[in-house]
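Only the coordinates and a few stated rules stand behind these numbers; no lab work does. Because the structure is a prediction, the values reported are computed rather than measured. No Cβ is skipped: glycine too gets one built from the backbone with ideal geometry, and neighbour counts run over all protein chains shown.
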Amino acid sequence: MNRRDFFRLASMAGIGASTAGLTGLVNAATPAQLGTVPTNTGISGRVVVIGGGMAGATVAKYLRLWGGTGVSVTLIERETAYNSNILSNLVLSGQRSMTSLQFGYSNLATRYGIRLVKGDVSAIDPVGHSVSLADGSKLPYDRLVVAPGIDFDTIAGLETPAAQARVLHAWKAGTQTTQLRNQLLAMKPGGVFAMTIPAKPYRCPPGPYERACVVADWLKKNRAGSKVIVLDANPGITAEPLAFTNAFEVVHKGVIEYHPGVSISSIDASTMTLNSNLGSIKANVINAIPAHKAGKVVIDNGLANVGGRWAGVDVLTYQSTAAPGIHVIGDASATTQPKAGHIANQEAKICADAIVRLLAGRSPDPSPITNSACYSPITADTASWLTAVFAYDPVSRTMQPVPGAAGEAAARSQDNYKEMIKWFNTLMEDSFA
Amino acid sequence: MNQKTMRLRVLLWLPFALASTCVTAQTTSAAPPAGRLLASNCFQCHGNNGKSNIGFERLAGSSSSEIYNELREMRSKVPPKMMDMHARGYSDAQIRLIADYLSKQR
Ligand SMILES: Cc1cc2nc3c(=O)[nH]c(=O)nc-3n(C[C@H](O)[C@H](O)[C@H](O)COP(=O)(O)OP(=O)(O)OC[C@H]3O[C@@H](n4cnc5c(N)ncnc54)[C@H](O)[C@@H]3O)c2cc1C
């Protein structure tokens, strides 16, 4: 396939997908409301972005909005549309379809003049300032932003594709999410759904507990007598302890069985058995979320200088501490902030602002602030939330939670659930529309 | 090829042309507007420059004192809703910068 075809593919796929995911919201906003790319800012440079997820799409958009037409932005993404992880637990309960969570890239091209390249980045040349795609083509850059999200460790026993097709993670939304929904549908009353939670850090701290709640709520109504066994590698609930303790002990009492401090030694996909320090556990469906690390492109290219798994960054610019001129944002970077989409969006804005300033010969903003916001469904129509504001601490050179500005909802509510849907639409608009 | 695809293709190629004119760092450009990066913390829910009309309250164009006072009032609300919690994360000076920036958006 030649480059011209790549463009056609990327833009066509984008159009198709955007009508699915952004229905009802693209039409509501006019270009003036969304923002236009200014000309003659006096700033110029070539920026290449790897990965069009929550972080990558946002940084591409804001580089153009804040840098102007002189800053050329190329976004390289291997998929034809983005599958949102956020709200993907609702696919398991049948409340959302995966297509309704797809976001295309055509808005980024047509509204902001971002150049789209569909492809898989295999190598980064930090000296020659270029990236290589799997098809052999090369793209030069002045500044590179790496936003590939995460990859997984392999759990013992799940080495083969056949085993991986039976024991799903569904922690990168997409085909696996729909497959896990189908596995739930195939369960009989009185069945067992077992899930494993990896040790921190993993993406979306409340996400696994939220999943346990959504699945339990569905099983209660549709597969009576079934159980959700939660096997957590962490010493306790890592996020929203108030909401989830209440959910496990009151709302979904008798359905969810929560075990902290569990280590999984192996999983046998043929007999559907988990081997752990609690002994062997048999289940009808096993949803195993493996330990996380930064996306492969980070690890393969010498950027994972934190424990060999995550990219160390200076949080004033998100520049890699391993290679100059390269910025790493979103889940792949090692910061004190949670790995979450809302905060990935804000990291992207700080990074875009810093790149625009650096291209103009200025210094980055010395006191950035980020905010994290997460809504968690507890039942089919109630949700809880979690939030935190982080400010730059010049002494530790890290983002630290602002005292008194972090916490969770006092109680789950239907209002929170409605707000969650509104928040999802606006967050995705800010990132993809 | 229909007109839409044509336009799309032209747009897609545009940055390519611009890319070839890459220059080195310069300081002739205007500094980023004060408060913009801070205010961008609002955009996830209130839209770019506070102009969203698909969800939460539109902020663009409200008077600076209105935004400033509202954010300060939120700080003492109990139990805090999510926005009340966010308001607790900013100093008075930062809230002033955010309010001034958003009030200038049209
Ligand atoms: C079930 C679930 C629920 C969640 N709920 C929430 C929530 O309520 N709130 C919240 O804030 N967060 C939530 N999250 C977390 C959120 O989805 C992630 O933190 C967020 O997506 C991180 O953004 P990212 O851009 O770093 O990575 P991603 O969004 O994963 O994007 C990475 C992109 O890079 C592409 N890519 C990777 N490598 C390459 C390569 N070599 N070449 C080309 N392209 C490449 C991938 O295809 C992908 O599109 C949830 C996650 C899950 C799993």
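What separates the Cα centres of the stretch A:108-182 and the stretch A:186-209 is a distance of 23 Å. Taken over the stretch A:97-249, the convex hull of the Cα atoms encloses 192 Å³ per residue.
Overall shape of the stretch A:311-392 was characterised from the C-alpha gyration tensor. The equivalent ellipsoid obtained from it has semi-axes of 29, 13, 10 Å, in decreasing order. Can you pull out the trypsin sites (Lys or Arg not before Pro) in the stretch A:389-433 that DSSP calls coil and that have at most 13 other Cβ atoms within 10 Å? When the trypsin sites (Lys or Arg not before Pro) of the stretch A:389-433 are filtered for loop state and at most 13 Cβ neighbours within 10 Å, A:R397 remain. Sorted ascending by nearby beta carbons within 10 Å, beginning with the fewest, A:C204, B:C42 become A:C204, B:C42. Please list, in order, the residues from the stretch A:178-195 whose amide nitrogen is less than 13 Å from a point placed 7 Å along the Cα→Cβ vector of A:Q95. Under 13 Å, as judged by backbone N against the label point of A:Q95, lies no residue of the stretch A:178-195.
Couplings for the stretch A:136-141, taken from phi via the Karplus curve 6.51 cos²θ - 1.76 cosθ + 1.60 with θ = phi - 60°, read x, 6, 10, 10, x, 9 Hz in order; Gly and Pro are left as x. Rounded to the nearest 20, the Cβ-based charge dipole of the protein assembly as shown about its Cα centre (Lys and Arg +1, Asp and Glu -1) stands at 1100 debye. In summary, the lysines within cross-link reach of A:K282, defined as a Cα separation below 26 angstrom excluding same-chain residues under 8 places away, comprise A:K172, A:K188, A:K200, A:K220, A:K221, A:K227, A:K253. Once you sort the root eigenvalues of the Cα gyration tensor of the stretch A:206-272 as a ≥ b ≥ c, which label holds: rounded (a/c under 1.5), prolate (a/b larger than b/c) or oblate (the other case)? Judged from the Cα gyration tensor, the stretch A:206-272 comes out oblate (a/c at least 1.5, b/c at or above a/b). What the Cβ-Cβ distance of B:K77 and A:T321 gives, at R0 = 35 Å and to the nearest 0.05, is a FRET efficiency of 0.30.
Our analysis of the stretch B:31-103 gives Rg over Rh at 0.95, with the two radii drawn from alpha carbon positions and Rh computed by the Kirkwood formula. Values of log10 I(q)/I(0) for the protein assembly as shown across q = 0.05 Å⁻¹ run -0.19, by the Debye formula with one identical scatterer at each alpha carbon and no solvent. The modelled label-to-label distance between A:K296 and B:S91, using points 7 Å beyond Cα along the C-beta direction, is 4.7 nm. Using a Förster distance of 22 Å, how high is the FRET efficiency between B:S64 and A:S363, based on the Cβ-Cβ distance and rounded to 0.05? Result of the calculation: an efficiency of 0.25.
Provide the FRET efficiency to the nearest 0.05 for the A:T154-A:A224 pair, computing r from the beta carbons and using R0 = 41 Å. For R0 = 41 Å, the calculated efficiency reads 0.70. Cα centroids of the stretch A:278-326 and the stretch A:74-103: 21 Å apart. The mean count of C-beta atoms from other chains within 10 Å of the C-beta of residues in B:49-62, rounded to a whole number, is 4.
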